[in-house]
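Worksheet: one structure, shown below.
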Amino acid sequence: MDDLSSEIIFRRMEETDTARAAQMEAEASKEAWSQKSYLDALANENAYYLVAQQGGGVVACCGFWQSFEEADICNVVVEERFRRRGIARMMLLALMREGKARGIERFTLEVRSSNMPAIRLYEKLGFVTEGVRKGFYENPKEDALIMWKR
């Protein structure tokens with residue numbers, strides 16, 4: 001998993017990936033999903049999760065929950081040493097392509113108001129801030145920006 005130069009493969013998340021997904025989230029957030037949460041998502045036909053694999057190991061993941069023509073993107077996480085390499089951008093583009101193939105016309109997500117790298121990425125992908133959820137995040141308490149790509 002240390003080969004930073006090997007090709008990145010994006011594929012649908014499998015049950016065997018859920019422990020790694022939960023571990024990456026726990027390292028990145030105090031409000032991380034558990035392995036059981038990922039397993040439950042994989043069992044739901046309205047959820048779709050994918051992973052980025054490099055050098056044989058999972059280095060990133062994200063997913064969406066679909067409701068008719070809309071999808072809520074969640075759990076966007078990239079292992080720290082793989083950040084700033086374009087993985088999140090490529091992964092989100094792959095996720096949205098899958099969503100469009102499933103009939104999704106609009107995507108939404110929440111992001112910490114202080115997470116400027118993520119906000120800039122989402123804006124580059126065409127997301128626009130349309131609202132705020134006051135005190136949405138804990139540890140530390142912080143607002144979430146509600147962003148949409150229509």
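None of the figures in this text is laboratory data; all of them are computed from the coordinates on show. Just so we're clear, the structure is a prediction, and the values are computed from it rather than from any experiment. A quick note on method: Cβ atoms are made from the backbone with ideal geometry, for glycine too, and the neighbour counts reach across all protein chains shown.
The figures follow:
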| item | result |
| --- | --- |
| From phi via Karplus (6.51, -1.76, 1.60), per-residue ³J(HN,Hα) for segment 131-140 in Hz, x at Gly/Pro | x, 9, 9, 5, x, 5, 9, 10, 6, x |
| Proximal lysines relative to Lys149, as straight alpha-carbon distance under 23 Å, when same-chain residues fewer than 8 apart are discounted | Lys100, Lys124, Lys134 |
| Protection-proxy order for peptides 30-39, 85-94, each taking the mean of Cβ atoms within 10 Å per residue, highest first | 85-94, 30-39 |
| Reciprocal of mean inverse Cα separation for segment 59-98 (Kirkwood radius, Å) | 10.7 |
| Stretch gain in nm, segment Ala101-Ala19, where the contour uses 0.36 nm per residue and the Cα spacing is subtracted | 26.7 nm |
| Tensor-based shape of segment 54-150 (alpha-carbon gyration tensor, a/c under 1.5 rounded, otherwise prolate or oblate) | oblate |
| Antiparallel DSSP beta bridges within segment 1-122, as percent of all bridges there, nearest 5 | 85 |
| Gyration tensor verdict on segment 25-105 (Cα atoms; rounded if a/c is under 1.5, prolate if a/b is larger than b/c, oblate otherwise) | oblate |
| Estimated inter-spin distance, Glu31 and Met90, nm [label 7 Å along Cα→Cβ] | 2.9 |
| Cα centroid of segment 7-26 to Cα centroid of segment 60-83, whole Å | 11 |
| 3J(HN,Hα) from dihedral phi, segment 61-74, Karplus parametrisation 6.51/-1.76/1.60, rounded to Hz, x for glycine, proline | 7, 6, x, 9, 10, 9, 9, 6, 8, 10, 9, 9, 7, 9 |
